[in-house]
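The values are calculated or read from the model by the stated rules, or taken from the named source; none is laboratory data. Since this is a predicted model, take the numbers as computed values, not measurements. Heads up, the Cβs are rebuilt from the backbone with ideal geometry, glycines too, and the neighbour counts pull from every protein chain shown. For accessibility, only protein heavy atoms count, side chains too; no ligands or nucleic acids. Shrake-Rupley method; radii C 1.70, N 1.55, O 1.52, S 1.80 Å.
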Amino acid sequence: MINFPYGNSNFHAIRTEGKLYLDRTQHIPLLEQAGEQLVFLRPRRFGKSLLLSTLANYYDINRAGEFAALFGDLAVGQNPTGEQNQYTVLRWDFSKVSAQGDTAAITRHLFDHINQAIKYFALQYRQYLQTDINILADNAIASFESLVNAVASSGQQLYLLIDEYDNFANEVLMQTRPHQQRYEDLVQSEGILKTLFKAIKANASEGKIGRVFITGVSPLVMSDMTSGYNVATHIYLEPKFNTLCGVTTPELTQLVTTISAECQQPSDSVQTTLETMRVFYNGYRFCNDMQQACVYNPTLAFYFLRHYQEYCSAPPQILDGNLAMDANKIRYIANLPAGKAVIANILDEQQAVTLARLENQFGMEKLHDIQTDPDYMVSLLYFFGVLTLSGRGMIGELVLGIPNLVIRGLYVDEIKRNALPDAGDRHSLQRLTDKFYQTADLQPLVAFMESKYFAVFNNRDYRWSNELTVKTAFLTLLFNDTYYIMDSEAALQRRYSDLTLIVRPNMRQYALLDMVLEFKYLPLADLGLSGEQVRAQQRKESAALPAVQTALQEARQQLQQYRVVLEEKYREPQRLRCLAVVALGFERLVWEVC
């Protein structure tokens, strides 16, 4: 049995308790060569804390006697760098610092965390220190200065590790507008964060700090502290560190193969499971080199694999609750001016999201741009981990996309939340969609859409009015990753359907239908009709209009092509339903099952 370290970022415990460790120590020599003060950014739950724990155990002078046990069979253990076990290690984790209260309260929270870390440091390294460390409750920066001086005067070297450096400051910024002043007080001018990092910079320049490694989610806070800490090397877009955190495809393949054999499953189950995990969890690339492979989110991958190992099947709920907080990042953008349009447009695969370059200057002076400029919003969504670098455009621009179906679901949920703020409406929708998944009967669902939904999709927040609008409405209403691998613009032998719902392999035992939908949109102006006239018609009258019949015929022809491909691939023609849907403006839907 594989002992997965789910939620465990303690390298020492993982190695001594026989838990799975995916070796990343081959990067340690590269990190040493990259610089003495490094900044490394990755989304939440991507293994940053485990990386810091690995570095701490590698460099800690107290772990010298355990080097062979901890690292002997790992890449760096076979070829150590010479700096192993040469440092005293001080660790701060700013995710533990509360963002509640005013600036003075947050400063106290920060000082408490730093001072507690210094007390622990003093206990751990008392045998190496020749002078005491003075800890001042009301001035943790002075405590830090005392620690640095004590280490230097004792002839030792200090390695400073800072985890989630931007956590509490980001929380302050992403609260309601009145808290922006609190954020500015923390990071600008003589704010406490800027003052702290100026102390780090000064002591490093004097040779009192040997190395610094900082992790975080975005460069937002670092941008505001530029003059306070402008000496670090930013390595988060370096191709050689693309896989420093995350699970690679070869690693996942080996794990799935092992578990499948333990479960005595048929040989084709490995590829089926890998395909499921690929569409739901893969797709993250953290560099501009598109030849670099994408990686999996380790938290999501281990969540899936633990269930797979215990029950020999995929988990019913494909989204691990630990990642649900990423929805708050999408919501933050959606609540900015023009943010809803940015979120909606990201769901449009027909119109690529492109940037000349990732924006990485997110300081307070850019706050207006962050709130109004789509390029800044898209860049911030990349750093949050809900967009990824997926390719290059015709003139070399960066193309960004949603990494996988789990993240697509977060976007869909945000649109649904805005469109259906009433919980009663969402419960009603759940009953309708559950019935639709079994029958492919659109009538009840269409009635709901026409009465509740189209008004939202025809407002000023959405700048497009075409079949994409209709498709987005259906995608939002029907998205269900418990039952379906649900793709928009799924590749079908180089043809692209508007929306496919393919029952997940572990759900094919139930009475659920595979479905493919093709949408057409007819503006009312092209029909020569007003909204009142369309609403006054019977649905049969609308369907009989020549333009509608032409659109339905085009959809039927496309669906027939898709049917051939899907029946050949899944070999369950009795389960497949093909639906042609035509929207007359945002007033009326007509459809037929082909």
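Structure summary
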item: Inter-residue pairs, beta-carbon under 6 Å, first closer than 16 Å to Val187 by Cβ and in the stretch 104-119, second outside any helix (DSSP H, G or I) and open to solvent by less than 60 Å² (accessible area, probe 1.4 Å), 6+ apart; result: His109/Val97; His109/Ser98; Leu110/Val97
item: Residue, nearest to Leu274 (Cα to Cα), within the stretch 497-540, restricted to residues that are among the basic types (Lys, Arg) and not in a loop (DSSP other than H, G, I, E, B); result: Lys520
item: Condition broken by Ala261, with the remaining ones in (1) in contact with a Gly (Cβ under 9 Å, 6 or more places away or on another chain); (2) modelled with pLDDT of 90 or more satisfied; result: (1)
item: The stretch 382-402: number of residues that are part of a helix (DSSP H, G or I) and within 20 Å of Val279 (Cα to Cα); result: 2
item: Any hit, the stretch 47-59, residues being open to solvent by 70 Å² or more (accessible area, probe 1.4 Å) and not hydroxyl-bearing (Ser, Thr, Tyr); result: no
item: Residues (surrounded by fewer than 21 Cβ atoms within 10 Å (Cβ to Cβ), under 26 Å from the mean Cα position of the chain (by Cα) and among the charged types (D, E, K, R)) located in the stretch 25-44; result: Arg44
item: Verdict on Ser379 being within 22 Å of Tyr284 (Cβ to Cβ), assigned to a helix (DSSP H, G or I), at pLDDT 90 or above and not aromatic (Phe, Trp, Tyr); result: yes
item: Failed condition for Ile318, given (1) of a type outside the set (Asp, Glu); (2) surrounded by 17 or more Cβ atoms within 10 Å (Cβ to Cβ); (3) at pLDDT 90 or above; result: (3)
item: Residue count for the stretch 67-78, restricted to those that are touching a residue at least 24 places away in the same chain (Cβ under 8 Å) and over 18 Å from Asn242 (Cβ atoms); result: 6
item: Candidate set: the stretch 415-427, residues that are open to solvent by less than 40 Å² (accessible area, probe 1.4 Å) and in a helix (DSSP H, G or I); chosen: the one modelled with the lowest pLDDT; result: Ala419
item: Those residues of the stretch 127-170 which are open to solvent by 10 Å² or more (accessible area, probe 1.4 Å), in contact with a Lys or Arg (Cβ under 7 Å, 6 or more places away or on another chain) and among the aliphatic types (A, V, I, L, M), in sequence order; result: Ile135, Ala152
item: Residue ranges of helices (runs of 4 or more DSSP H) in the stretch 216-312 with at least 2 members among the aromatic types (Phe, Trp, Tyr) and open to solvent by 20 Å² or more (accessible area, probe 1.4 Å); result: 298-311
item: Residue in the stretch 567-586 that is part of a loop (DSSP other than H, G, I, E, B), in contact (Cβ under 8 Å) with a residue 12 or more places away in the chain, surrounded by 13 or more Cβ atoms within 10 Å (Cβ to Cβ) and small (Gly, Ala, Ser) present; result: yes
item: Subset of the stretch 143-181 [part of a helix (DSSP H, G or I), within 29 Å of the chain's Cα centre (by Cα) and modelled with pLDDT of 75 or more]; result: Asn167, Phe168, Ala169, Asn170, Glu171, Val172
item: Residues being out of contact with any Phe, Trp or Tyr (no Cβ under 7 Å at 6 or more places or on another chain), assigned to a helix (DSSP H, G or I), open to solvent by 10 Å² or more (accessible area, probe 1.4 Å) and of a type outside the set (Ser, Thr, Tyr) - total across the stretch 3-24; result: 2
item: Meets criteria (modelled with pLDDT of 90 or more, crowded, with 22+ Cβ neighbours inside 10 Å and within 22 Å of Leu432 (Cβ to Cβ)) for Leu501; result: yes
item: Any hit, the stretch 456-479, residues being modelled with pLDDT of 90 or more and β-branched (Val, Ile, Thr); result: no
item: Within the stretch 330-376, tally of residues that are within 21 Å of Leu398 (Cα to Cα), modelled with pLDDT of 75 or more and within 19 Å of the chain's Cα centre (by Cα); result: 20
item: Some residue of the stretch 64-87 being part of a helix (DSSP H, G or I), open to solvent by less than 50 Å² (accessible area, probe 1.4 Å) and more than 25 Å from Gln124 (Cβ to Cβ); result: yes
